[in-house]
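The structure appears right after this line, and notes come after that.
Each reported figure results from applying straightforward, stated rules to the coordinates on display, with no laboratory input. Keep in mind the model is a prediction, meaning the values are calculated, not measured. Neighbour counts are summed over all protein chains in view; Cβ atoms, including those assigned to glycine, are modelled from backbone coordinates with ideal geometry.
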């Protein structure tokens, strides 16, 4: 990279390409969390779900040689974690913030334990390769930025319009929003608050597991202890940043991932800035944006509030 500067064409293309790719796990996790929060459930266990999903995908792919079996394993693990979260949240009506932290600690500890016992050392696999889209992938500049990624990247972005459509244009979306705003009124209209929340929590778990798979077999092709490094908590923050709307979440994910890509390229180019400061840039930006944006948006009225049906 000698002779390249941060503002050269090749580097800018590299930053944009990397930023689009790095947003993938955030999108999966944050879209799933958006559905959960719109139904009134705050899940701070996203990070733990991502870690277990990442390990499941990597380990199954390593043992079987099939990346697809690895992805299925991540979905199954995410669904189980989501189901457990739903039982604790809906049936036992546990305080959501504390129980979420508990699930995070469980996911982190269990993924580390399984990695040490079943793998033992860092190994790499051949992950999903970029898809070649006829004509589009061959376009100059644009093809490199937008059409040089694997299928997990494209599916993550497709979830944004799909999530918007479900939340705003379907009966299911109406029920989810009703349960998140006024569960008592929704219950009086015959909507099962528990069933809706079960659905959104399990769906969130599945997408968080898939976010982990996107990281371990879609982006890095490796698993290591605590490899998410706070991604799950950033995903939760992105829901607030995006005002509980999939399009807003997309904007936040791209902003964060672009800044992250920028700091990575700064280190590659040897720009004289302390590495620790460069790594902090995306997180500092996230905090600043949240401080400005959260005060201007209104959360679902029943967010993090347990619901007990009156007989």
Inset, instruction - For segment 49-115 and segment 292-307, compute the distance between their C-alpha centroids and round to whole Å. - result: 26 Å
Inset, instruction - Treating the angle as unsigned and between 0 and 90°, give the value, to the nearest 10°, between the Cα long axis of helix 46-64 and the longest Cα principal axis of the chain. - result: 60 degrees
Inset, instruction - Calculate for the chain the 222 nm mean residue ellipticity that helices alone would give, adding -39,500 (n - 2.57) per DSSP H run of length 4 or more and normalising by residue count, nearest 500 deg cm²/dmol. - result: -21500 deg cm²/dmol
Inset, instruction - Let me know the shape class of segment 37-152, please: from the alpha-carbon gyration tensor, a ≥ b ≥ c as square roots of the eigenvalues, rounded when a/c is under 1.5, otherwise prolate if a/b is greater than b/c, or oblate. - result: oblate
Inset, instruction - For helix 96-114, report the angle its Cα long axis makes with the longest principal axis of the Cα atoms of the chain; keep it between 0 and 90° and round to the nearest 10°. - result: 50 degrees
Inset, instruction - Based on a Kirkwood Rh over C-alpha pairs, give the Stokes-Einstein translational diffusion coefficient of the chain at 10 °C and viscosity 1.306 mPa s in µm²/s. - result: 79 µm²/s
Inset, instruction - Could you state the angle between the C-alpha long axis of helix 24-38 and the longest principal axis of the C-alpha atoms of the chain, as a value from 0 to 90 degrees rounded to the nearest 10? - result: 10 degrees
Inset, instruction - Once you have a ≥ b ≥ c as the square roots of the Cα gyration tensor eigenvalues for segment 1-100, tell me rounded if a/c is under 1.5, and otherwise prolate or oblate according to whether a/b is larger than b/c. - result: oblate
Inset, instruction - Could you work out the per residue convex hull volume over the alpha carbons of segment 235-311, in cubic angstrom? - result: 102 Å³
Inset, instruction - Take the alpha-carbon centre of segment 168-198, take the same for segment 209-270, and report the distance between them in whole Å. - result: 30 Å
Inset, instruction - With a/c under 1.5 counting as rounded, go ahead and sort segment 9-61 into rounded, prolate or oblate using the C-alpha gyration tensor (a ≥ b ≥ c being the square roots of the eigenvalues; past the cut-off, prolate if a/b is larger than b/c, else oblate). - result: oblate
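When you have a sec, figure out the Kirkwood radius of segment 82-235 from all distinct Cα pair distances and drop it here in Å to one decimal?
Numbers: mean 1/r = 0.0541 Å⁻¹.
Averaging 1/r across every pair of different Cα atoms and inverting gives 18.5 Å.
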Inset, instruction - Over the chain, calculate the relative contact order: mean separation of alpha carbon pairs under 8 Å at least 6 apart, over the residue count, as a percent. - result: 37 percent
Legend entry - Per-peptide average of other Cβ atoms within 10 Å, ordering 112-121, 214-223, 170-179, 279-288 highest first: 214-223, 170-179, 279-288, 112-121
Legend entry - Protection proxy ranking, peptides 99-108, 40-49, average beta carbon neighbours within 10 Å, highest first: 40-49, 99-108
Inset, instruction - Rank by packing, highest mean first: peptides 183-196, 126-139, 231-244, with packing defined as the count of other Cβ atoms within 10 Å averaged across residues. - result: 231-244, 183-196, 126-139
